[in-house]
Amino acid sequence: MTMAHDLLDEPLLTWRDREGSRRMATLPGILERLGNGELVDFPRTRAHQFDPWSMFLTQLAAIALHRSGNTDPRLSEREWKSHLLALTDGAHEPWCLVVTDLAKPAFFQAPVPEGKLDDWKIKPRPDDLDILVTSKAHDIKTGLVDASETEAWVYALTALQTMQGYSGPFLQSISRMKSGSGNRPRVSVAADPSPAGRFARDLRVMLDTWPNQLGLGYSDNGIALVWTSPWDGSNSLAMEDLCPYFVEICRRTRLRTLSSGLEARYTTTGVRRCLPNIEDGDVGDPWIPIKRDGGALTISDSGFDYKKLTELLFSGQYKNAAAQDIKVSDGDPVFLLASAMPRGMGETGGLHERRLVISGAARRLLGRPNGADILGKRAIAQVAQTASMLKDVLEPSLRALFQIDEKKKKPTKKNAGGGGFEGFLRATREVFSRRVDEIFFIRLLADVEQPDDKARLAWEQTVEDIASAELQRALDRCCVPDVRRYKAISDAERKFRGCLKFHFPDLLAATTGGDDKEATP
């Protein structure tokens, strides 16, 4: 039997310290640098690989510490190595990228009971194995990372086995997502947003909530590293077979050594490897909020925009992820960190990330038992105000500019430029929403000490300014014939003012002193 690329002994993994220097370490060495706070970056992970690699390290550390009876991650490389070997009964094979004996596991590669790979398909490069679905139009292409890049295979395997969804007949998904076309988001809070800071905080949460996981049905002595158990593709593991925060796999794959580097072999499976009876992704993942009537959070291509974040944080529709709850010990400021890569049938929707800084008065408010309810009421109102400003003020003004019949929503016979109005309207909505998104939470958190009425008027003024700017942009770009141009502009401006007076009377009264004489729309 031949083994190659042992992550416990070979420094194959790149990390960066606080001075910006790149260094190489073993897997136990990476855990040591995370535990002592030295590590600030994984410079060789691709953007979409950072979260799966970070989450894997945290799950691995939590299991290793729990089983060793430890709670402090500030351990030496030697101690971490000892704890990791304890998870595999002293065997090095599960930590090696290549193990020629197919009856033995390799890193994220389950033993192959049939003992041969003759009919398995080939993935020649690490980014071919990865979870990205690309096309000729994408900036990121597959097949570009050299097969000799050993470290790249580590991150590709980790992303594939812990983040992949359903991607074709008999290509099954992980258990930690809602349906095979869902995704595995990461939502958490940290006082220090660096990898080491998030590692320490999330690790503490996982150790504290370990008993809760047992209450779900996991076994304290269950399988921790799913890739260490043989898998023929036809059998699954139930909750009682697994330990809390288990590290799963979803595909049968094996690496082998070629003269040019490494190569992956893979085959299909008849069933999902873990928890096939749970379809909604509610399996106790510490980073996934759970919709109270709909399972694990799934992020769409719009990402964590202000509407989605408001729904997630304040609507009451979601149960917080364990790593998401703000604790007194988190200090001030705290960072809310959210990321996900949307995916569907045969496609991925880009990497979406969001970071909110919560400090000062907002931090104190959210530290109170009812603080989230108070802030949430205001956030939900602001979302409604924003929607009204777009739908009831800006859009009618644009229809007036383009001479669109308000009842039929169609251009008048005189308006030669009406044919492209719907496309223009969609583009305007996108720009408006993007500009709101840039400032929504900044204003929400900054104005927490303001009285409700004052904060409401301030936000109405903010979205009115954005809507007014978008109207002006439309006025500058409209293609109305010159003979009707001045009338169209006048109609649009009058419509804007009238709609504003009708739907936002307090705002107009506050800005004009109550002397506005424009008629309602």
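Tell me, which residue of the stretch 346-369 that is in a strand (DSSP E or B) and over 17 Å from Ser188 (Cα atoms) is modelled with the highest pLDDT? Walk me through it before giving the result.
Filtering the stretch 346-369 down to residues in a strand (DSSP E or B) leaves 347-348, 352-358.
Next, from what is left, pick out any that are over 17 Å from Ser188 (Cα atoms): 347-348.
Working: Glu347: 60, Thr348: 67.
Only one residue fits best here, namely Thr348.
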Of (1) surrounded by fewer than 20 Cβ atoms within 10 Å (Cβ to Cβ); (2) within 17 Å of Phe199 (Cα to Cα), Ala61 fails just (1)
Counting only residues that are aliphatic (A, V, I, L, M) and in contact with a Gly (Cβ under 9 Å, 6 or more places away or on another chain), which one in the stretch 4-57 is surrounded by the fewest Cβ atoms within 10 Å (Cβ to Cβ)?
Val40
Identify, by number, the condition in (1) among the acidic types (Asp, Glu); (2) at pLDDT below 85; (3) within 22 Å of Phe504 (Cα to Cα) that Asp405 doesn't meet.
(3)
Taking only the stretch 159-186 into account, find how many residues are out of contact with any Pro (no Cβ under 6 Å at 6 or more places or on another chain) and among the aliphatic types (A, V, I, L, M).
4
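With the requirement that a residue be buried (at least 16 other Cβ atoms within 10 Å of the Cβ) and either at pLDDT below 85 or not acidic (Asp, Glu) (or both), what does the stretch 487-501 give you? Walk me through it before giving the result.
First, the residues of the stretch 487-501 that are buried (at least 16 other Cβ atoms within 10 Å of the Cβ): 488-489, 491-493, 495-501.
Once the filter is applied, which keeps residues that are buried (at least 16 other Cβ atoms within 10 Å of the Cβ) and either at pLDDT below 85 or not acidic (Asp, Glu) (or both), the stretch 487-501 yields Ala488, Ile489, Ala492, Lys495, Phe496, Arg497, Gly498, Cys499, Leu500, Lys501.
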Pick from the stretch 300-345, criterion among the hydroxyl-bearing types (Ser, Thr, Tyr) and in a loop (DSSP other than H, G, I, E, B), ranking: farthest from Asp285 (Cα to Cα)
Ser302
Looking at (1) touching a Lys or Arg at 6+ places or on another chain (Cβ under 9 Å); (2) more than 26 Å from Arg204 (Cβ to Cβ), which one does Leu337 not meet, given that it meets all the others?
(2)
Counting only residues that are assigned to a helix (DSSP H, G or I) and at pLDDT below 90, which one in the stretch 459-486 is nearest to Arg378 (Cα to Cα)?
Leu475
Pairs under 7 Å by beta carbon, first residue touching a residue at least 24 places away in the same chain (Cβ under 8 Å) and under 21 Å from Leu203 (Cα atoms) in the stretch 41-56, partner of a type in the set (A, V, I, L, M) and in a helix (DSSP H, G or I), six or more apart or different chains?
Gln49/Ala159; Pro52/Ala159; Pro52/Met163
Being modelled with pLDDT of 95 or more, over 21 Å from Pro342 (Cα atoms) and not in a loop (DSSP other than H, G, I, E, B), is that true of even one residue in the stretch 280-292?
no
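Taking the stretch 263-310 as the region of interest, how many residues are of a type outside the set (Val, Ile, Thr) and touching a Pro at 6+ places or on another chain (Cβ under 6 Å)? It would help to see each step written out before you state the result.
The first filter runs over the stretch 263-310 and keeps only residues of a type outside the set (Val, Ile, Thr), leaving 263-266, 270, 272-277, 279-282, 284-287, 289, 291-297, 300-309.
Keeping just the survivors that are touching a Pro at 6+ places or on another chain (Cβ under 6 Å) gives 263, 297, 300-301.
Of the residues in the stretch 263-310, 4 are of a type outside the set (Val, Ile, Thr) and touching a Pro at 6+ places or on another chain (Cβ under 6 Å).
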Asp72 vs. criteria surrounded by fewer than 16 Cβ atoms within 10 Å (Cβ to Cβ) and in contact with a Leu (Cβ under 9 Å, 6 or more places away or on another chain):
yes
Would you point out which residue out of Asp293, Asp305, Asp301 is within 22 Å of Phe441 (Cα to Cα) and out of contact with any Ser or Thr (no Cβ under 9 Å at 6 or more places or on another chain)?
Asp301
Which condition number in (1) surrounded by fewer than 23 Cβ atoms within 10 Å (Cβ to Cβ); (2) modelled with pLDDT under 95; (3) hydroxyl-bearing (Ser, Thr, Tyr) is the one that Ser173 fails?
(1)
Filtered residues of the stretch 108-129 (kept if closer than 15 Å to Thr150 by Cβ and part of a loop (DSSP other than H, G, I, E, B))
Phe108, Pro124, Arg125
Of the numbered conditions (1) under 24 Å from Ala509 (Cβ atoms); (2) in contact with a strand residue (DSSP E or B) (Cβ under 9 Å, 6 or more places away or on another chain), Gln472 satisfies every one except a single condition; which is it?
(2)
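The values are calculated or read from the model by the stated rules, or taken from the named source; none is laboratory data. Predicted model only: the values in this text are computed from it and were never measured. With ideal geometry, Cβ positions are generated from the backbone for all residues, glycine too; neighbour counts draw on all protein chains shown.
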